[in-house]
1. Treating only the Cβ atoms of Lys and Arg (+1) and Asp and Glu (-1) as charged, compute the dipole magnitude of segment 20-76 about its Cα centre; round to the nearest 20 debye.
2. Rank by packing, highest mean first: peptides 68-75, 120-127, with packing defined as the count of other Cβ atoms within 10 Å averaged across residues.
3. If a/c stays under 1.5 just call it rounded; otherwise compare a/b with b/c (prolate if a/b is bigger, oblate if not). Do that for segment 100-162, with a ≥ b ≥ c from the square roots of the Cα gyration tensor eigenvalues.
4. Any idea what diffusion coefficient the chain gets from Stokes-Einstein, in µm²/s, Kirkwood Rh on alpha carbon pairs, 25 °C, 0.890 mPa s?
5. Enter the Cα centre distance for the pair segment 61-76 and segment 162-183, rounded to the nearest angstrom.
6. Taking only Cα atoms, what is the 0 to 90° angle, nearest 10, from helix 2-19's long axis to the longest principal axis of the chain?
7. With the cut-off at 19 Å, tell me which of the pairs Lys91/Lys138; Lys91/Lys114; Lys26/Lys54 have Cα atoms farther apart than that.
8. Given the options Thr37, Asn101, Phe165, identify the residue whose Cα lies farthest towards the positive end of the charge dipole of the chain (+1 on Cβ of Lys, Arg; -1 on Cβ of Asp, Glu).
Amino acid sequence: MKSCKVNLSIMLLVLLWSCSKTMEVKEYYESGELRYTGQKVEGKRQGEWSVYDKDGNVIEKLTYSNDSLNFRQTFIDGNLAIEEELTDSIKHGELRIYYENGNLKALTNYVYGKEQGLSKDYYPNGNINTIYINKGGKTVNFKQYYSNGSIFAEADTFGEGVVSFSDSLGNRTYDVMYNNGEIIDTVKSY
């Protein structure tokens, strides 16, 4: 009887120990190609996971901590297209989107799922297109540029008050008055 209890105790310990081990995970498409790889620790996704298309190309790299997605990279035709930082699978930190040529297309900051702080959009040549300041998920002011770097439009309060427009040489051309995101009047033409 004592021998059975010892054997049962050893089996339980082995079972518990094996459950806490790191397990390599691989899943395949029905056609047999690798779909994704990763690791689970104590049954939870952990570390870097890779997702593949049916041709074997990496289309996403995901980083998990305790089964929670913390970082994602998305690839199109082998090129990095999107990088995003997350906390508990919610956008938190920087979202970066890239052009095919590798240049940054957009940079947006998030705080627990809402756009917050400085955001920038870029032209394919790398010049700034638009700079936004976001607060609580809403744009509160912005500057938009021509591809040559001259200011096209700017406003201190987005959708409220005056938006100033300029030509591609930087000469102010007119101002428009907004209320609740709607044009009220062209305030001044220069």
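1. Numbers: 9 positive and 10 negative charges, 46 e Å.
Here segment 20-76 has a charge dipole of around 220 debye.
2. Values: 68-75: 17.0, 120-127: 14.4.
So the order, starting with the most tightly packed, is 68-75, 120-127.
3. Numbers: a/c = 3.89, a/b = 1.20, b/c = 3.25.
In terms of gyration-tensor shape, oblate.
4. On the way: Rh = 20.8 Å.
Calculated translational D: 118 µm²/s.
5. Distance between centres, Cα-based: 41 Å.
6. 20 degrees
7. On the way: Lys91/Lys138 15 Å; Lys91/Lys114 8 Å; Lys26/Lys54 14 Å.
Beyond 19 Å: nothing from the list.
8. Farthest towards the positive pole: Thr37.
The numbers here are math on the coordinates, done by the rules we state, and not lab data. These numbers come from a predicted model, not from an experiment. With ideal geometry, Cβ positions are generated from the backbone for all residues, glycine too; neighbour counts draw on all protein chains shown.
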